[in-house]
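Novice: So that we are looking at the same thing, I have put the structure below in structure tokens.
The values are calculated or read from the model by the stated rules, or taken from the named source; none is laboratory data. Since we're looking at a predicted model, the values are computed, not measured. Methodologically, a virtual Cβ is constructed for each residue, glycine included, from the backbone with ideal geometry; neighbour enumeration extends over all protein chains shown.
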Amino acid sequence: MISEQQISALNKRKEDLFKFLNIQQKQVQLQEKEKLTHNSNFWNNSDKAQQILKQISKLKFWINTYQKLEKDLDELSILLEFFKEGEAVELEIQQQEKKAILAIEDLEFKNMLSADEDEMPAILTINPGAGGTESQDWAEMIMRMYLMWGEKNGYKIKELDFHKADPAGIKSVTLEFEGEFAFGHLKGENGVHRLVRISPFDSNAKRHTSFASVFVYPLADDSIDIIIDPSEISWDTFRSSGAGGQGVNKIESAVRLKHQPTGIIIENSETRSQLENKDKALKLLKSQLYELELRKKQEEKDKLEGNKKKIEWGSQIRNYVLHPYKLVKDLRTNFESSNPDAILDGDLNDFIKAYLMEFGQKR
């Protein structure tokens, strides 16, 4: 049974989280922003009002989650006192102990997702590496893996752009994931994914190695101030090659944007409206420029802190071996699984958690 010393240790972890998450500051900010909503002219600027309501919701999330943990630990201490007086049974304490530990572990994990951009929707783009059909098929397998992960974890998923390959696989795909901490969970998937297997396209049944790259960035909202000069952008339109039906393919509704200063190219064929696709492409460009700024700041932070273990953008991050043995291994955390079938069916959460606990928001 839990002792007073163990409860004291749990309370110390709670106090650390109070400081790490700036709960006191968040409570002050919440009061200030809620006062703004009581102003008679609050809705005069609806966009600004929506931003403030979003900020209030975010502050309430962290405060309420912390207060739930505080309540669970208080109840555990009270139950232990009741037990000493013969007014509670050991089973009640064990159940409350389990509840309190789950609450503190959950908040400690969420602390790894406390960067501003972690709460934004995520844009995920997959491209095959060199190797023709093999890599194209592997890229489609990865697309299926993330789609299944998103469905299992309750994310809303949109297909923004899709290019089918011939005779199998995909040339590229861009997906949007919307839901709780979408970018925070997916940001560690950025990099090159390597597959080793017996090729289904090789009549000699030889082992092949294939590569595909995954690029993830946060979908910036209106609160992010990124200025884009229209003179630095060029546009092309073309017919969508996705599975959007005959109406999509008859008109040039898909758009391709090129940003001259950075060389960023964005294609979007999400809707049948060229205008809507252009608006979304601009939003995606703004998001990528925001991600470049985040990356620059992280690299500067790494230099200042002298981090020995850095994340190289675009480098190989994970191996998926289907032959001669079965293994999926993350090269950054050394976390591994001997069940690649489950991983390719979207069971990625253990890999995601291992990455975040090592490289997420520092305590």
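Novice: Of everything in the range 12-46, what is surrounded by 10 or more Cβ atoms within 10 Å (Cβ to Cβ) and either among the aromatic types (Phe, Trp, Tyr) or part of a loop (DSSP other than H, G, I, E, B) (or both)? Give them in sequence order.
Specialist: Matches in the range 12-46: PHE18, PHE20, LEU21, ASN22, ASN39, PHE42, TRP43, ASN45.
Novice: Just to be sure, is ASP74 in a helix (DSSP H, G or I) and within 25 Å of the chain's Cα centre (by Cα)?
Specialist: So ASP74 fails the test.
Novice: From ILE78, ILE56, ILE52, which residue is exposed (fewer than 14 other Cβ atoms within 10 Å of the Cβ) and farther than 22 Å from MET112 by Cβ?
Specialist: Matching residue, one of ILE78, ILE56, ILE52: ILE78.
Novice: Before we move on, is ALA220 crowded, with 22+ Cβ neighbours inside 10 Å, under 19 Å from the mean Cα position of the chain (by Cα) and over 16 Å from LYS286 (Cα atoms)?
Specialist: So ALA220 does not fit the description; no.
Novice: Okay, moving on. How many residues are hydroxyl-bearing (Ser, Thr, Tyr) and crowded, with 19+ Cβ neighbours inside 10 Å when one looks only at the range 315-335?
Specialist: Of the residues in that region, 2 qualify.
Novice: Looking only at residues in the range 261-285 that are buried (at least 20 other Cβ atoms within 10 Å of the Cβ) and assigned to a helix (DSSP H, G or I), which one is nearest to the chain's Cα centre (by Cα)? Outline the logic, then answer.
Specialist: Pass one, the range 261-285, residues buried (at least 20 other Cβ atoms within 10 Å of the Cβ): 266-270, 277, 280-281, 284-285.
Filter once more, keeping what is assigned to a helix (DSSP H, G or I): 277, 280-281, 284-285.
Numbers: ASN277: 23, LYS280: 20, ALA281: 20, LEU284: 16, LEU285: 18 Å.
Filtering the range 261-285 for residues that are buried (at least 20 other Cβ atoms within 10 Å of the Cβ) and assigned to a helix (DSSP H, G or I), the one nearest to the chain's Cα centre (by Cα) comes out as LEU284.
Novice: Hey, can you tell me all the residues within the range 103-140 that are more than 30 Å from ARG13 (Cα to Cα), of a type in the set (Asp, Glu) and surrounded by fewer than 22 Cβ atoms within 10 Å (Cβ to Cβ)?
Specialist: Scanning the range 103-140 gives a single hit, GLU140.
Novice: Next question. Can you tell me which residues in the range 336-357 are in contact (Cβ under 8 Å) with a residue 40 or more places away in the chain, surrounded by 15 or more Cβ atoms within 10 Å (Cβ to Cβ) and not hydrophobic (A, V, I, L, M, F, W, C)?
Specialist: Within the range 336-357, GLY346, ASP347, LYS353, TYR355 meet the criteria.
Novice: Could you please give the count of residues in the range 150-180 that are surrounded by fewer than 22 Cβ atoms within 10 Å (Cβ to Cβ), of a type in the set (A, V, I, L, M, F, W, C) and within 15 Å of the chain's Cα centre (by Cα)?
Specialist: Result for the range 150-180: 1.
Novice: Of the residues that make up the range 142-149, is at least one of a type in the set (Ser, Thr, Tyr), buried (at least 17 other Cβ atoms within 10 Å of the Cβ), at pLDDT below 90 and farther than 30 Å from ILE56 by Cα?
Specialist: Taking every residue of the range 142-149 in turn, none turns out to be of a type in the set (Ser, Thr, Tyr), buried (at least 17 other Cβ atoms within 10 Å of the Cβ), at pLDDT below 90 and farther than 30 Å from ILE56 by Cα.
Results for (1) modelled with pLDDT of 90 or more; (2) of a type outside the set (D, E, K, R), shown as yes or no for each residue.
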{"residue": "LEU275", "(1), (2)": "yes, yes"}
{"residue": "LEU285", "(1), (2)": "yes, yes"}
{"residue": "GLN288", "(1), (2)": "yes, yes"}
{"residue": "GLN298", "(1), (2)": "no, yes"}
{"residue": "LEU304", "(1), (2)": "no, yes"}
{"residue": "ILE311", "(1), (2)": "no, yes"}
{"residue": "ASN349", "(1), (2)": "yes, yes"}
{"residue": "LYS353", "(1), (2)": "yes, no"}
{"residue": "LEU356", "(1), (2)": "yes, yes"}
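Novice: On to the next question. Do you know which of the residues in the range 183-204 that are of a type in the set (Gly, Ala, Ser) and either without any contact (Cβ under 8 Å) to a residue 24 or more places away in the chain or farther than 21 Å from THR333 by Cα (or both) is surrounded by the fewest Cβ atoms within 10 Å (Cβ to Cβ)?
Specialist: SER203
Novice: Now for a separate question. In the range 10-69, what count of residues is obtained for those that are modelled with pLDDT of 95 or more, under 24 Å from the mean Cα position of the chain (by Cα) and of a type in the set (Lys, Arg)?
Specialist: Count: 2.
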